[in-house]
Amino acid sequence: MATTASAQNQPRPNILLIFTDDQGALDMNCYGSADLQTPNMDTLAASGVRFTQFYAAAPVCSPSRAGLLTGRTPLRAGLPGNVPIPYRREGAGLPTEEVTIAEMLKEGGYKTGHIGKWHLGHIPDKQPTGQGFDYSFGHMVGCIDNYSHFFYWNGPNVHDLWRNGQEVHYPGRFFPDLMVEEANQFLEQNQDTTFFLYWAINVPHYPYQGSPEWLETYADLPSPRREYAAFVSTMDEKIGAVLNKLDELGLREKTLVIFQSDHGHSVEERAMFGGGNAGDYRGAKFSLFEGGIRVPAIASWPGTLPEGEIRNQLSVSTDWLPTIADFCEVSVPQTVLDGKSLVPLLRDATVDSPHETVYWQTGRGESSQWAVRQGDWKLIGYPRDPVQPDRLVVADSLFLSNLSQDISESTNLAGQHPQKTEELHQLYQQWLDEITQENQLRNYE
């Protein structure tokens, strides 16, 4: 079986990695949403392989991005929680010792670009151009207003729009339009070389600011689904504009397009307490229940990968780094990777998942939320359910479920299966001890 591009006499592909923000587990037509219009994302799925058991590395923004870009669980990569805003902790972020996809591919001769959201650090060596990107345009903190480009939270409002470390101003310009312009310009300028473009779209993360046309289209939907849906379809339009540019430049069959949401939808106050759709999955953003970490994911490379196929095997966002390395014929970082190459699985639907056991942890400390999944069994420690927090009681501090029997994780089986609970708990503890020792050697917190 072929496991690299060269094994089928294919040149090394360009990589376009599209990473959406707070997009619900089912918020595309091809994942079951009947009240949305997402033709461009659906066409992308039809042109490639769509995953149904794909997991984010974390249920919140910064660690999810750290896991994606390093191929390592966020705890192992030294960033298990969100990067705080600069005036609270200026030097926080992804440790510079970590090797990103951009650094890996740059070493292999690729031109590398970042467009959109970063949220992995603010000081120069932790900004995109300090972490392997030749070019960067976007915002450094967790979210911005899409017209003023100001970050606002508790504390002073701060303008947050940068090109290669230099502040730039486009007052009144819609940030998704600016991202399309920047992405298409990057494609044009690098069409004669191999490139990696990481497009971290800050949509549909709040504030919900869909176009007036889409708000009118969804006028009959109840709020906040209406506002959320309009922003999703606005994003879909922008994705279509960049995919059209690939076609226009004759690059589509030379480019591996990877698509994924960073985690589940938000039910925060600033997200109008919802809007996204997790279907039968319990939880949302911030939760290690399925609704917080099971996400839409697609890989498309027309002419090379299968088209219109589905993969039900368990996969994780940390898998993209070794998968990209495999396709692009570059060496993976000389460190412990948690991700596994998905190339065999992408080529052949009968291949098993590369993972026997997968782990998550958000934050540090004894009461941090964590999870381990092995087969259909999943154990969560100190679970959070931001959708229905009152459903959890003290006895749920260890929450065991069997996903093949209860995909909604509605019943805690820990009391009925104490041996399985203890077995998974021990697996987690061994994993945690291993990472703790590694991080002490690296002087990570």
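The values are calculated or read from the model by the stated rules, or taken from the named source; none is laboratory data. Everything numeric in this text was worked out from a predicted model, so none of it was measured. Cβ atoms come from the backbone with ideal geometry, glycine included; neighbour counts cover every protein chain shown. Side chains included, ligands, DNA and RNA excluded: accessible areas come from the protein's heavy atoms. Shrake-Rupley method; radii C 1.70, N 1.55, O 1.52, S 1.80 Å.
Would you say Asn412 is of a type outside the set (Lys, Arg) and open to solvent by less than 20 Å² (accessible area, probe 1.4 Å)?
Working: of a type outside the set (Lys, Arg): yes; open to solvent by less than 20 Å² (accessible area, probe 1.4 Å): no.
Taking the combined requirement at face value, the residue does not satisfy it.
Of the residues making up region 324-344, those that are free of Cβ contacts under 8 Å to residues at least 40 places away in the same chain and either under 18 Å from Ala56 (Cα atoms) or among the β-branched types (Val, Ile, Thr) (or both) number 1.
So, of the residues in region 23-63 that are among the β-branched types (Val, Ile, Thr) and farther than 29 Å from Thr217 by Cα, which turns out to be surrounded by the most Cβ atoms within 10 Å (Cβ to Cβ)? It would help to see each step written out before you state the result.
Going through region 23-63, the residues among the β-branched types (Val, Ile, Thr) turn out to be 38, 43, 49, 52, 60.
Okay, now just the ones that are also farther than 29 Å from Thr217 by Cα, so 49, 60.
Working: Val49: 22, Val60: 27.
For region 23-63, the residue satisfying everything is Val60.
Note on region 116-138: residues that are among the aliphatic types (A, V, I, L, M) and over 17 Å from the mean Cα position of the chain (by Cα) total 1. The residues of region 265-294 that are farther than 17 Å from Ser410 by Cβ and not hydrophobic (A, V, I, L, M, F, W, C), listed by number, are His265, Ser266, Glu268, Glu269, Arg270, Gly274, Gly275, Gly276, Asn277, Lys285. Would you confirm, using the coordinates I've provided, whether Ile239 is open to solvent by less than 10 Å² (accessible area, probe 1.4 Å), assigned to a strand (DSSP E or B), within 18 Å of Met28 (Cα to Cα) and of a type outside the set (Gly, Ala, Ser)? Answer is no for this residue.
Taking Arg88 as the residue in question, decide whether it is among the basic types (Lys, Arg), open to solvent by 10 Å² or more (accessible area, probe 1.4 Å) and part of a loop (DSSP other than H, G, I, E, B).
Numbers: among the basic types (Lys, Arg): yes; open to solvent by 10 Å² or more (accessible area, probe 1.4 Å): yes; part of a loop (DSSP other than H, G, I, E, B): yes.
Yes: the conditions hold for Arg88.
The residues listed here are Leu345, Leu321; of these, the one that is at pLDDT 95 or above and within 16 Å of the chain's Cα centre (by Cα) is Leu321. Look at Asp27 and say whether it is assigned to a loop (DSSP other than H, G, I, E, B) and at pLDDT 95 or above. Yes, satisfied.
Going by what's in this entry, would Leu17 be described as closer than 23 Å to Val232 by Cβ and of a type in the set (A, V, I, L, M)?
Values: closer than 23 Å to Val232 by Cβ: yes; of a type in the set (A, V, I, L, M): yes.
For Leu17, the condition - closer than 23 Å to Val232 by Cβ and of a type in the set (A, V, I, L, M) - is met.
If you go through region 175-229 and pick out every residue that is hydroxyl-bearing (Ser, Thr, Tyr), surrounded by fewer than 22 Cβ atoms within 10 Å (Cβ to Cβ) and in a helix (DSSP H, G or I), you end up with 1.
Looking at the structure I just gave you, is Ala66 open to solvent by less than 10 Å² (accessible area, probe 1.4 Å), at pLDDT below 95 and either more than 20 Å from the chain's Cα centre (by Cα) or within 18 Å of Ser315 (Cα to Cα) (or both)? Please lay out each step first, then the result.
On the way: open to solvent by less than 10 Å² (accessible area, probe 1.4 Å): yes; at pLDDT below 95: no; either more than 20 Å from the chain's Cα centre (by Cα) or within 18 Å of Ser315 (Cα to Cα) (or both): yes.
No, not satisfied.
Just one of the numbered conditions (1) within 22 Å of Asp376 (Cα to Cα); (2) in a helix (DSSP H, G or I); (3) open to solvent by less than 30 Å² (accessible area, probe 1.4 Å) is not true of Leu400; which one? Going through (1) within 22 Å of Asp376 (Cα to Cα); (2) in a helix (DSSP H, G or I); (3) open to solvent by less than 30 Å² (accessible area, probe 1.4 Å) one by one, Leu400 breaks only (2).
Taking region 113-165 as the range and being touching a Phe, Trp or Tyr at 6+ places or on another chain (Cβ under 6 Å), at pLDDT 95 or above and among the polar types (S, T, N, Q) as the test, only Asn146 passes.
With respect to (1) open to solvent by 50 Å² or more (accessible area, probe 1.4 Å); (2) more than 27 Å from Cys30 (Cα to Cα); (3) at pLDDT 95 or above, the lone exception for Arg364 is condition (3). Among the residues in region 312-322, are any touching a residue at least 40 places away in the same chain (Cβ under 8 Å) and surrounded by fewer than 19 Cβ atoms within 10 Å (Cβ to Cβ)? Yes, the conditions are met somewhere in region 312-322.
Looking for whichever is within 27 Å of the chain's Cα centre (by Cα), free of Cβ contacts under 8 Å to residues at least 24 places away in the same chain and assigned to a helix (DSSP H, G or I) here; the options are Glu366, Glu422, Glu434, Glu438. Which one fits?
Going through Glu366, Glu422, Glu434, Glu438 in turn, the sole match is Glu434.
I'd like the full set of residues that are of a type in the set (D, E, K, R) and in a loop (DSSP other than H, G, I, E, B), limited to region 291-335. Quick ask: steps written out before the conclusion?
Looking only at region 291-335, we keep the residues that are of a type in the set (D, E, K, R), and these are 294, 307, 309, 311, 319, 326, 329.
The answer is Glu307, Glu329.
Screening the candidates Leu246, Leu288 for the property of being assigned to a helix (DSSP H, G or I) and either open to solvent by 10 Å² or more (accessible area, probe 1.4 Å) or hydrophobic (A, V, I, L, M, F, W, C) (or both) yields one hit, Leu246.
Reported count of residues in region 93-106, each being of a type in the set (S, T, N, Q) and open to solvent by less than 30 Å² (accessible area, probe 1.4 Å), is 1. Of everything in region 107-153 that is in contact (Cβ under 8 Å) with a residue 40 or more places away in the chain, in contact with a Ser or Thr (Cβ under 7 Å, 6 or more places away or on another chain) and open to solvent by 10 Å² or more (accessible area, probe 1.4 Å), the residue that is farthest from Asn82 (Cα to Cα) is Gly109. When region 154-174 is limited to residues that are closer than 16 Å to Gln127 by Cβ and of a type outside the set (D, E, K, R), the one that is surrounded by the fewest Cβ atoms within 10 Å (Cβ to Cβ) turns out to be Gln166. Only one of Asp396, Asp376, Asp385, Asp390 is modelled with pLDDT of 95 or more, touching a Gly at 6+ places or on another chain (Cβ under 6 Å), more than 23 Å from Leu321 (Cβ to Cβ) and not hydrophobic (A, V, I, L, M, F, W, C). Can you tell me which? Of Asp396, Asp376, Asp385, Asp390, the one residue that is modelled with pLDDT of 95 or more, touching a Gly at 6+ places or on another chain (Cβ under 6 Å), more than 23 Å from Leu321 (Cβ to Cβ) and not hydrophobic (A, V, I, L, M, F, W, C) is Asp385.
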